[in-house]
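The values are calculated or read from the model by the stated rules, or taken from the named source; none is laboratory data. Since the structure is predicted, the reported quantities are computational estimates derived from the model, not experimental observations. Note that we place each Cβ from the backbone using ideal geometry, even for glycine, and neighbour counts take in every protein chain shown. Accessible surface areas use protein heavy atoms only, side chains included; no ligands, DNA or RNA. Shrake-Rupley method; radii C 1.70, N 1.55, O 1.52, S 1.80 Å.
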Amino acid sequence: MDYIASSKLPTPWAEFSIHIFVDPATSKEHLALTLGDVSDGKPVLARVHSECLTGDALFSQRCDCGAQLETALRAIATEGRGVLLYLRQEGRGIGLVNKIRAYQLQDAGADTVEANERLGFPADMRRYDLCKPMLAKFGISALRLMTNNPRKVRAMEKIGVQVSERIPIQVNRNPFNENYLSTKATKLGHWLKERL
Ligand SMILES: Nc1nc2c(ncn2[C@@H]2O[C@H](COP(=O)(O)OP(=O)(O)OP(=O)(O)O)[C@@H](O)[C@H]2O)c(=O)[nH]1
Ligand SMILES: [Zn+2]
């Protein structure tokens, strides 16, 4: 992972620093937002967020991504310290074209996992090994991770990033993402309570 540059990133909640990395293996650009002193060795409040153009930028209610992104940035701002990794693995790694194809299948009745499988993909193709060098750049080795995804916690521990605490991030359950969230719970093993 090649580190390229950093700048200020003012947001409605805090003035973050934004850092751009490029993965030479894929030429993908990945981002990190940091706030405060994250290099003091104490576990850092963190969100490891995979790109969802429709949810993060276009306000889609089909998923919970946009609300999770905002909630995570607000939480980091409130604490005055933290990191958000923004990984460009759209559609759980299948890319934007195939995610919209999967949505088309979902509109016809498939759930998110069945739709991926019908397109010839596993349910989740994401990789998290790139987080290690990104976090190392800021001297971060332990996280208080905001996630409901057990696979993400295991992946962090596998690459040698300690998860000292898992913080639930359940937001924006609505009629349009009810099935998406229940499929996460039943097929992907997410820790999700029935009601928010
Ligand atoms: N293939 C596919 N990907 C989807 C669908 N809905 C959302 N995504 C993608 O799912 C990913 C969501 O990533 P995260 O926000 O890290 O969520 P998560 O792995 O469920 O875990 P937490 O939110 O941390 O609990 C993004 O890459 C989205 O683009 C879908 O219906 N099909
Ligand atoms: Zn989404």
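When 193, 184, 158 are checked against the criterion of being over 18 Å from residue 67 (Cα atoms) and either assigned by the TED database to the domain that holds residue 44 or in contact with a Pro (Cβ under 9 Å, 6 or more places away or on another chain) (or both), 158 stands alone in meeting it.
Candidates in segment 83-92 are the residues that are near ligand 1 (Cβ under 7 Å from one of its atoms) and out of contact with any helix residue (DSSP H, G or I) (no Cβ under 6 Å at 6 or more places or on another chain); of these, the one that is farthest from residue 137 (Cα to Cα) is 92.
The set of residues in segment 3-48 being basic (Lys, Arg) and open to solvent by 70 Å² or more (accessible area, probe 1.4 Å) consists of 8, 28, 42. Quickly run through segment 38-64 and pick out the residues that are under 20 Å from residue 156 (Cα atoms) and either more than 10 Å from the chain's Cα centre (by Cα) or touching a residue at least 60 places away in the same chain (Cβ under 8 Å) (or both). Once the filter is applied, which keeps residues that are under 20 Å from residue 156 (Cα atoms) and either more than 10 Å from the chain's Cα centre (by Cα) or touching a residue at least 60 places away in the same chain (Cβ under 8 Å) (or both), segment 38-64 yields 38, 39, 40, 41, 42, 43, 44, 45, 46, 47, 48, 50.
Listed here are the strands (runs of 3 or more DSSP E) enclosed by segment 1-82 that have at least 2 residues being among the acidic types (Asp, Glu) and either closer than 30 Å to residue 94 by Cβ or more than 16 Å from ligand 1 (Cβ to nearest atom) (or both): 15-23. The set of residues in segment 83-102 that are more than 10 Å from ligand 2 (Cβ to nearest atom), crowded, with 17+ Cβ neighbours inside 10 Å and not in a loop (DSSP other than H, G, I, E, B) comprises 83, 84, 85, 86, 87, 93, 98, 101, 102. Please identify the pairs in which a residue from segment 123-151 that is of a type in the set (Phe, Trp, Tyr) has its Cβ atom under 9 Å from the Cβ atom of a residue that is part of a helix (DSSP H, G or I), counting only partners at least 6 apart or on another chain. Correct list of pairs: 128/151; 128/152; 128/155; 128/156; 128/158.
Determine, yes or no, whether residue 140 is in contact with an Asp or Glu (Cβ under 9 Å, 6 or more places away or on another chain) and in the same structural domain as residue 6 (by the TED database). When the stated conditions are applied, residue 140 does not pass them. A Cβ distance below 8 Å, combined with a sequence gap of six or more or placement on separate chains, defines the contacts here; from segment 8-25, residues that are free of Cβ contacts under 8 Å to residues at least 60 places away in the same chain reach residues that are open to solvent by 80 Å² or more (accessible area, probe 1.4 Å) and acidic (Asp, Glu) in the pairs 8/15; 9/15; 20/29; 22/29.
If the condition is being open to solvent by 50 Å² or more (accessible area, probe 1.4 Å) and outside any helix (DSSP H, G or I), then segment 156-171 contributes 162, 164, 165, 166, 168.
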